[in-house]
Amino acid sequence: GRTQLVLEPMTDPAAAAQGLDAVFLATEHIVSAALAPIFAAQGAVVFDLSGAYRLPNASDYPKVYGFEHEHPELLDRAVYALGEFVDRDKLRAARIVSLPGCYPTASPLALKTLIGTQACDRCCFWCFRCGPQSQDRECFL
């Protein structure tokens with residue numbers, strides 16, 4: 001092995017959160033939605049790589065991510081941290097930081113120079129499909 005660190009299953013998230021300053025979650029959306037509040041309540045800043053805290057409206061989660069969000073009260077406090085668009089004061093105060101994936105990063109950055117110009121004065125639409133899971137995904141505005 002290359003390390004002496006031991007990887008063990010996490011059976012008690014609240015106990016695991018004790019004394020942590022930050023946690024990075026790279027889990028399925030529904031798992032991150034459940035774990036993020038536990039770690040944040042223990043004082044850690046949670047950086048979530050799933051989509052669990054990207055959308056501000058709980059009613060959008062079933063359509064976009066396929067689950068009912070169990071913590072809608074946290075959605076307005078989570079900060080979506082795409083660096084070029086983020087409110088830095090909100091980011092500094094956030095306990096849950098939702099990090100964008102590759103498509104959510106590439107799309108708005110490509111359009112950033114057009115936003116606010118006549119070239120982009122209406123709703124923009126883009127749709128991406130990648131890999132076998134995309135076959136069942138619908139494009140949406």
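Tabulated values for the structure
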| quantity | calculated |
| --- | --- |
| Filter pass, residue 62 being open to solvent by 40 Å² or more (accessible area, probe 1.4 Å), more than 30 Å from residue 114 (Cβ to Cβ), in contact with an Asp or Glu (Cβ under 7 Å, 6 or more places away or on another chain) and not aliphatic (A, V, I, L, M) | yes |
| Of all residues in region 34-59 being among the small types (Gly, Ala, Ser) and touching a Phe, Trp or Tyr at 6+ places or on another chain (Cβ under 8 Å), the one that is surrounded by the fewest Cβ atoms within 10 Å (Cβ to Cβ) | 51 |
| Verdict on residue 7 being of a type outside the set (Val, Ile, Thr), buried (at least 17 other Cβ atoms within 10 Å of the Cβ) and at negative phi | no |
| Meets criteria (at pLDDT below 75, open to solvent by 60 Å² or more (accessible area, probe 1.4 Å) and under 18 Å from the mean Cα position of the chain (by Cα)) for residue 109 | yes |
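The values are calculated or read from the model by the stated rules, or taken from the named source; none is laboratory data. Source: prediction; values computed, not measured. Neighbour counts run over all protein chains shown; Cβ positions are idealised from the backbone, glycine included. Ligands, DNA and RNA are stripped out before the accessible areas are found, and what is left, the full protein with its side chains, is counted by its heavy atoms. Shrake-Rupley method; radii C 1.70, N 1.55, O 1.52, S 1.80 Å.
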